[in-house]
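Data block below; observations after.
The values are calculated or read from the model by the stated rules, or taken from the named source; none is laboratory data. For clarity, every value in this text was computed on a predicted model and none was experimentally measured. Methodologically, a virtual Cβ is constructed for each residue, glycine included, from the backbone with ideal geometry; neighbour enumeration extends over all protein chains shown.
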Amino acid sequence: MAQHNDLGRWGETTAASFLLEKGFKIIAKNYRSWQSEIDLIVSKDDLLIFVEVKTRTGTAFGMPEEFVNATKAKLIMRAAEQYIFDADWENDVRFDIVSILRLPDGSTDIRHIEDAFSR
């Protein structure tokens, strides 16, 4: 498997653990609909949150969260609409990004950007 796929899988696992520690409940991982995938679907209280995880090993081309462009956001929102319909969800939703930077010394810098698509 390609090294970037391994990094992505590691990032999604790291993000899930991070969110669990913050009190979120994991509903689904790698939800696929149409031509898009939602990395994590989590909930907290009466809120359903669709999470895009971006993991990088450096910032030469920008911070990880900067790689979620408008096209990607639209694809995620389209998949979320399908999930909301299938789950018959009637409460509020939000779209977040978990940005993970794996540093050369093995440490990580994790940023949780709430309501990321409304900015």
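From the list 76, 27, which one is under 21 Å from residue 92 (Cβ atoms), outside any helix (DSSP H, G or I) and aliphatic (A, V, I, L, M)? If you could, list the steps in order and put the result at the bottom.
Values: 76 fails: outside any helix (DSSP H, G or I).
The conditions single out 27.
Of these, 32, 102, which one is modelled with pLDDT under 95, buried (at least 19 other Cβ atoms within 10 Å of the Cβ) and of a type outside the set (Val, Ile, Thr)? Explain how you work it out, then say what you get.
Details: 32 fails: buried (at least 19 other Cβ atoms within 10 Å of the Cβ).
The match here is 102.
Looking for something of a type in the set (A, V, I, L, M), over 20 Å from residue 30 (Cα atoms) and without any contact (Cβ under 8 Å) to a residue 60 or more places away in the chain - is there at least one such residue anywhere in region 77-90?
First, the residues of region 77-90 that are of a type in the set (A, V, I, L, M): 77, 79-80, 84, 87.
Adding the requirement that they be over 20 Å from residue 30 (Cα atoms) leaves none.
Checking region 77-90: not a single residue is of a type in the set (A, V, I, L, M), over 20 Å from residue 30 (Cα atoms) and without any contact (Cβ under 8 Å) to a residue 60 or more places away in the chain.
Give region 7-36 a look and list any residue that's within 10 Å of the chain's Cα centre (by Cα) and without any contact (Cβ under 8 Å) to a residue 60 or more places away in the chain, or say none. If you could, list the steps in order and put the result at the bottom.
Step one: of region 7-36, the residues within 10 Å of the chain's Cα centre (by Cα) are 11-12, 15-16, 29-30.
12, 16, 29, 30, listed by residue number.
Condition first: of a type outside the set (Ser, Thr, Tyr) and either touching a strand residue (DSSP E or B) at 6+ places or on another chain (Cβ under 9 Å) or at pLDDT 95 or above (or both). Now tell me which residues in region 105-117 satisfy that.
Let us first name the residues in region 105-117 that are of a type outside the set (Ser, Thr, Tyr), namely 105-106, 109-117.
Once the filter is applied, which keeps residues that are of a type outside the set (Ser, Thr, Tyr) and either touching a strand residue (DSSP E or B) at 6+ places or on another chain (Cβ under 9 Å) or at pLDDT 95 or above (or both), region 105-117 yields 109, 110, 111, 112, 113, 114, 115, 116, 117.
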